[in-house]
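Written below as structure tokens is the structure these notes are about.
The values are calculated or read from the model by the stated rules, or taken from the named source; none is laboratory data. Quick caveat, the model's predicted, so the values are computed rather than measured. Please note: Cβ atoms are built from the backbone with ideal geometry, for glycine as well, and neighbour counts cover all protein chains shown. In case anyone asks, the SASA skips ligands and DNA or RNA and just uses the protein heavy atoms, side chains included. Shrake-Rupley method; radii C 1.70, N 1.55, O 1.52, S 1.80 Å.
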Amino acid sequence: MSVRALWIISHAKGENVSIRFSRRFAAVEHRAKCLAGPSYVAVPEDNTVLQLLLTELGLSDSDKPYVAVRDDCYNRQRSPALELRMDSPEKGILWPVLAISQGPLILACLSLVDAPPEPRPPLSSLLSVSQGLTLLAGLQTFLLSAGVKTDNEGLASRLAMLPSVLLQICPLGTPLDVPLLGAPATPAALAPAGNQKQPAWKMGLHRGRAVVNVALVETVRSMQYGNRSRQDLWDVFGTVTCKCEVEGVLPNVTVTLTLPPNGSPLQDILVHPCVTSLDSSILTSCSVDNYDGSAFSGPYKFPFSPPLEPFRLCSYTSQVPVPPILGLYQLKEEENHLRVSVTLKLHESVKNSFDYCEAHLPFFNRDQMGLVDMKVSSGQLDVSKEKNLLVWGLGQKFPKSREVTMEGKITFSGPTPGPTDPLCIGLTAYVKLYFKVPDMTLSGCCVDQHSVQVYSSAKPRITTSRELVSKEYFLWNSTGTAPVSSGQMML
């Protein structure tokens with residue numbers, strides 16, 4: 001596995017997006033040219049790469065609601081293996097460009113594919129993709145790990161060290177301590193945990209007491225219309241992430257997921273390749289099939305030999321009877337103002353304790369906000385007239401009734417037009433909810449700390465956590481038109 005080029009891009013808020021570091025490997029580029037023959041596409045200048053990458057990641061022209069190259073439905077997002085289409089006389093496509101983002105940095109590299117460009121090989125058959133992502137993750141840890149200052153001075157000092165670091169861990173564009181090309185990538189071929197060693201690109205060894213951390217996060221999405229003629233939709237997607245920090249050899253671990261007695265079985269389960277064995281019945285439940293009550297309902301045991309870096313052990317979906325927050329949004333035109341009414345009700349099964357809970361009400365394709373006369377039964381209302389946005393902060397608890405309301409009227413008489421959106425025209429409008437509920441999941445799924453088994457002479461400290469987070473949680477105006485899906489929400 002080799003990389004043709006590497007880029008580190010800064011996109012911190014309030015600063016110009018720029019390439020902070022780039023490196024090209026001439027020896028690898030020569031191999032790419034020989035492999036591709038007449039189909040060879042050269043790596044363009046850094047400024048060109050920057051613009052193409054930002055467009056592909058959806059970070060360019062943020063002030064424009066629609067950019068064809070970025071937003072056209074025919075351009076499917078292929079992250080993290082991206083295509084960069086050259087807009088030059090030679091044209092051509094750079095692929096696969098791998099990119100990961102964290103904090104103020106985007107790390108990207110162009111992997112060498114040791115195969116003819118046509119027909120394009122599937123990603124699952126390319127070791128260079130997974131190994132390239134592993135290299136980027138290691139560099140990300142080096143640049144942004146705990147204890148490293150992420151201000152300009154701290155980041156600049158790490159970037160200054162990068163040329164000498166790359167000389168040691170990636171000489172001539174080929175990272176050290178990665179599997180040989182063509183080595184089998186099946187779980188059965190994984191090396192035993194005790195034989196794993198620290199890669200050259202992973203800076204520093206773990207010191208101190210062994211730690212095993214298991215984090216369960218469920219994400220809930222919803223589209224609610226407040227109208228009997230339209231079916232409300234919601235879904236739940238769960239992920240279990242593990243991190244094992246042990247000095248010396250890595251132990252074998254077993255993590256068990258359990259459900260409450262009346263819980264719905266987990267569906268669409270996907271597992272990491274490091275899982276060593278699995279009951280086949282766990283993988284048979286699928287959300288597109290009609291549930292007949294015979295699906296496996298746990299406990300779900302996942303024995304695995306952990307990799308060196310944090311990883312996603314498994315993911316799943318779950319069918320729950322109701323969304324956590326039910327809402328009704330009504331927006332009406334009255335003379336020279338809008339009449340606004342929002343009602344939110346927290347379901348009785350949901351823990352009434354939030355890290356945060358906010359409702360955002362944007363108003364598009366209107367003049368700038370003028371007079372805002374709104375009353376809320378709980379929480380605090382912030383008004384951003386420049387953005388035509390109301391932010392209703394509900395704090396960390398709903399009242400005892402578990403129901404809150406907001407009512408009032410808004411005039412739009414500002415001197416400048418507000419933000420625009422091609423979809424939200426007239427009374428087509430929405431409320432978007434943002435919330436996080438600690439120590440609970442909507443499906444009831446949990447990881448008991450005492451059920452995590454670590455087969456090691458050292459006694460590790462085991463920590464588990466779970467939380468429920470909203471994503472794309474919309475309440476559409478019941479008195480206007482709204483986008484409606486005829487089927488299940490897609491993950």
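Modelled label-to-label distance, Ala81 and Tyr40, 7 Å Cα→beta-carbon offset: nm?
2.3 nm
How about segment 1-66: which GluC sites (Glu not before Pro) there lie in a loop by DSSP and see at most 14 other Cβ atoms within 10 Å?
Taking segment 1-66 and a limit of 14 other Cβ atoms within 10 Å, the loop GluC sites (Glu not before Pro) found are Glu15, Glu45.
Cα to Cα, under 16 Å, and not fewer than 8 places away if on the same chain: which aspartates and glutamates meet these conditions relative to Lys64?
Lys64 reaches Glu56, Asp72, Asp421.
Kindly report the accessible area of segment 325-439 per residue (heavy atoms of protein chains, probe 1.4 Å, no ligands, DNA or RNA), in Å².
51 Å²
Can you list the lysines whose alpha carbon is less than 30 Å from that of Lys459, not counting same-chain residues fewer than 8 positions off?
The qualifying lysines are Lys197, Lys202, Lys243, Lys301.
Let me check something: with ligands and nucleic acids excluded, how do Ile425, Ile100 order by accessible area (1.4 Å probe), largest to smallest?
Ranking Ile425, Ile100 by accessible area, largest first, yields Ile425, Ile100.
Dipole size in debye (nearest 20) for segment 325-439 around its Cα centre, Lys and Arg Cβ +1, Asp and Glu Cβ -1? Before the final figure, lay out the partial values.
Working: 14 positive and 14 negative charges, 58 e Å.
Using only the charged Cβ atoms, the result is roughly 280 debye.
Determine the dipole magnitude for segment 219-375: charges of +1 sit on the beta-carbon of Lys and Arg, -1 on that of Asp and Glu, nothing else is charged, the reference point is the Cα centre, and the result goes in debye to the nearest 20.
Working: 12 positive and 17 negative charges, 47 e Å.
Here segment 219-375 has a charge dipole of around 220 debye.
Can you tell me the length gained on complete extension of the stretch Glu407 to Met374, counting 0.36 nm per residue apart and subtracting the Cα distance?
11.3 nm
With r as the distance between the Cβ atoms of Ala160 and Ser101 and R0 = 25 Å, compute the FRET efficiency 1/(1 + (r/R0)^6) and round to 0.05.
0.70
If you plug each phi of segment 226-238 into the Karplus form 6.51 cos²θ - 1.76 cosθ + 1.60 with θ = phi - 60°, what whole-Hz ³J(HN,Hα) values come out, in order, with x for Gly and Pro?
The phi angles translate into x, 9, 5, 7, 10, 7, 5, 10, 7, 8, 10, 10, x Hz.
Please give the FRET efficiency for Arg209 paired with Glu335, using the beta carbon to beta carbon distance and R0 = 51 Å, rounded to the nearest 0.05.
About 0.15, to the nearest 0.05.
Using only the alpha carbons, work out the radius of gyration and Dmax of segment 325-439 in angstrom.
Just the Cα atoms of segment 325-439 yield Rg and Dmax of 14.8, 47 Å.
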